[in-house]
Amino acid sequence: MADAVLHSHTTNPLHHHQTQPLKEIAIDYTPEACSRCPNSNTITLTFDHRGGSRWRTTTRFRYGTFSSLIQCPKGNTSGLNFNLYLSSLKGDKSQDEIDFEFLGKDKTIVQTNYFTGGNGNQEQIHQLGFDASDGFHEYVIKWSCDVIEWLIDGKVVRREEKKEGKGFPQKPMFLYSSIWDASCIDNGRWAGKYDGSDAPYVCLFKDIHVPTSTAVE
């Protein structure tokens with residue numbers, strides 16, 4: 001499981017938050033393509049002829065540690081996007097957001113990004129050193145009022161600190177995950193063109209943890 005607390009930093013202390021297993025989710029669309037086993041804290045998202053699906057927490061959180069073990073779909077996943085991210089509200093053009101996004105054309109990389117008031121363009125690509133579909137790996141977002149850290153298998157791959165005069169995510173956010181056809185983004189250059197030859201595509205999430213005390217609704 002993820003570290004239960006955020007480590008302090010001498011100049012930008014991260015908040016110390018305990019985490020707990022995810023207890024309840026809402027499914028935003030195609031509920032038949034999303035299944036959950038509460039006892040094992042496992043969620044399965046499937047992309048096939050029905051399209052994809054998206055789940056989220058039932059409450060928003062302000063700050064804390066969010067984590068999941070993820071195994072991405074096997075086969076030729078070109079065109080698909082699968083992800084784990086925080087967002088104040090999907091579809092709101094002024095959203096705050098913090099992302100892990102897998103691009104189906106290459107499962108040896110992951111993209112991180114964050115948005116403040118709908119403004120993003122903070123993308124970074126990270127080499128994983130493994131194929132994300134070969135097994136489970138742990139992905140963690142640690143978010144405080146002035147620091148964001150993205151961790152993979154316990155290693156910090158990116159750290160962003162709030163800068164004077166610059167916006168920083170501060171709206172309460174849901175934890176989301178989805179699988180969808182992203183072929184339309186940048187004419188397929190982002191995630192690739194959808195192939196579909198290995199459908200159905202199954203993305204697995206387990207040991208999902210959220211903060212214990214930062215829910216705001």
Residues being of a type outside the set (Ser, Thr, Tyr), open to solvent by less than 10 Å² (accessible area, probe 1.4 Å) and either under 25 Å from residue 93 (Cβ atoms) or part of a loop (DSSP other than H, G, I, E, B) (or both): count how many of those fall in segment 122-154. 5
In segment 167-195, residue least open to solvent (accessible area, probe 1.4 Å) [restricted to those that are in a loop (DSSP other than H, G, I, E, B) and free of Cβ contacts under 8 Å to residues at least 24 places away in the same chain]: 184
Do you know which residues across segment 200-217 are more than 16 Å from the chain's Cα centre (by Cα), open to solvent by less than 50 Å² (accessible area, probe 1.4 Å) and more than 13 Å from residue 175 (Cα to Cα)? 201
Hey, residue 157 hits all of (1) surrounded by fewer than 15 Cβ atoms within 10 Å (Cβ to Cβ); (2) among the hydrophobic types (A, V, I, L, M, F, W, C); (3) farther than 20 Å from residue 182 by Cβ but one; which does it fall short on? (1)
Within segment 37-91, count every residue that is open to solvent by 30 Å² or more (accessible area, probe 1.4 Å), touching an Asp or Glu at 6+ places or on another chain (Cβ under 7 Å) and at positive phi. 1
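The values are calculated or read from the model by the stated rules, or taken from the named source; none is laboratory data. The structure presented is a predicted model; accordingly, all values stated were derived computationally and were not measured. With ideal geometry, Cβ positions are generated from the backbone for all residues, glycine too; neighbour counts draw on all protein chains shown. Side chains included, ligands, DNA and RNA excluded: accessible areas come from the protein's heavy atoms. Shrake-Rupley method; radii C 1.70, N 1.55, O 1.52, S 1.80 Å.
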